[in-house]
Amino acid sequence: LAVAVAKGDAATKRLALSALNRVCRIGTHLFMFCDFLDNLGSLTGRAKRRALAKWYTDRPANSVAYQAVKYRQRNGWTHRDVLRLAHPARKVTSGNPVVSVSEDHAAIFDWISGRKTDGVWPNELKILAGFEMAQKAATKRDAINIIRDYSLPREAVPTEFLVEPEVWQALLDIDMPYTALMRNLANMTRIGLLTGTSAATKTVIAKLTNEEAIKKA
């Protein structure tokens, strides 16, 4: 996709940029795309800025918040880096394309950029409050309660708690995404959560043999 955007003719570039949200489904993909564009010497331009901005603004605010928490940094890129390129909250002047930004989106962008620090969030963005609380969790029990209350992904949990079977059980109980589940089978086995007779193993087997759920994922 990056090659098509950087090297294609005008029609190819438009088509490639219109496909950005479908191809770059998650933050990791977006960071990879930006990194490839940078290596191709083609990171700037109004059409690219607009497409990058719409990667965020076309998503519901709660989805953007989830992306901001789960995929904070990959390939040397962060959401803050992308937002600096995209300027989705910029003022619109005559002749510039309009990228509308909701209040919730603007608050998330401020949080990503370090400008919002009051920790007050509407319920649909509670994952951001949960992330902030998890970073300050003092005990394993605190971390488990925060994971369950705020449906936090593994990436939001401080690493010192990821050696605890009970913490992984909490992550599994809140419906761990399939890719994360498969990538962490070895971790959950190594710490003793997945054994030949454990309830957690039965849960994993049920998820991995649920054809309809796999299709949806």
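Take the conditions (1) open to solvent by 30 Å² or more (accessible area, probe 1.4 Å); (2) part of a helix (DSSP H, G or I); Ile144 misses just one of them, which is (1).
Taking the criterion of being assigned to a loop (DSSP other than H, G, I, E, B) and either in contact with a Phe, Trp or Tyr (Cβ under 6 Å, 6 or more places away or on another chain) or open to solvent by 60 Å² or more (accessible area, probe 1.4 Å) (or both), the residues of the range 56-87 that qualify are Asp58, Pro60, Arg72, Asn75, Gly76, His87. Of all residues in the range 186-217, those satisfying the criterion of being aliphatic (A, V, I, L, M), in a loop (DSSP other than H, G, I, E, B) and under 13 Å from Trp168 (Cβ atoms) are Ile191, Leu193, Leu194.
Per-residue answers, yes or no, for (1) over 20 Å from His79 (Cβ atoms); (2) part of a helix (DSSP H, G or I); (3) open to solvent by 10 Å² or more (accessible area, probe 1.4 Å):
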site: Val3; (1), (2), (3): yes, yes, yes
site: Thr12; (1), (2), (3): yes, yes, yes
site: Leu15; (1), (2), (3): yes, yes, yes
site: Arg25; (1), (2), (3): no, no, yes
site: Met32; (1), (2), (3): no, yes, yes
site: Phe36; (1), (2), (3): no, yes, yes
site: Leu43; (1), (2), (3): no, no, yes
site: Lys54; (1), (2), (3): no, yes, yes
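Yes/no per residue for (1) over 18 Å from the mean Cα position of the chain (by Cα); (2) without any contact (Cβ under 8 Å) to a residue 60 or more places away in the chain:
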| position | (1), (2) |
| --- | --- |
| Leu152 | no, no |
| Glu160 | yes, yes |
| Leu171 | no, yes |
| Asp175 | no, yes |
| Met182 | no, yes |
| Leu185 | yes, yes |
| Ile191 | yes, yes |
| Thr195 | yes, yes |
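Residues in the range 173-184 that are assigned to a helix (DSSP H, G or I) and open to solvent by 10 Å² or more (accessible area, probe 1.4 Å): Asp173, Tyr178, Thr179, Ala180, Met182, Arg183. Within the range 153-167, if we keep just the residues that are assigned to a loop (DSSP other than H, G, I, E, B) and hydrophobic (A, V, I, L, M, F, W, C), the residue that is least open to solvent (accessible area, probe 1.4 Å) turns out to be Val157.
Going through (1) in contact with a Pro (Cβ under 9 Å, 6 or more places away or on another chain); (2) part of a helix (DSSP H, G or I) one by one, Ala170 falls short only on (1).
Residue-wise test of (1) at pLDDT 95 or above; (2) of a type in the set (D, E, K, R); (3) loosely packed, with under 11 Cβ neighbours inside 10 Å.
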site: Thr189; (1), (2), (3): yes, no, no
site: Leu193; (1), (2), (3): yes, no, no
site: Thr197; (1), (2), (3): no, no, yes
site: Ile205; (1), (2), (3): yes, no, no
site: Ala217; (1), (2), (3): no, no, no
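The values are calculated or read from the model by the stated rules, or taken from the named source; none is laboratory data. Since the structure is predicted, the reported quantities are computational estimates derived from the model, not experimental observations. With ideal geometry, Cβ positions are generated from the backbone for all residues, glycine too; neighbour counts draw on all protein chains shown. Remember, those area values only see protein heavy atoms, side chains included, never the ligands or the DNA or RNA. Shrake-Rupley method; radii C 1.70, N 1.55, O 1.52, S 1.80 Å.
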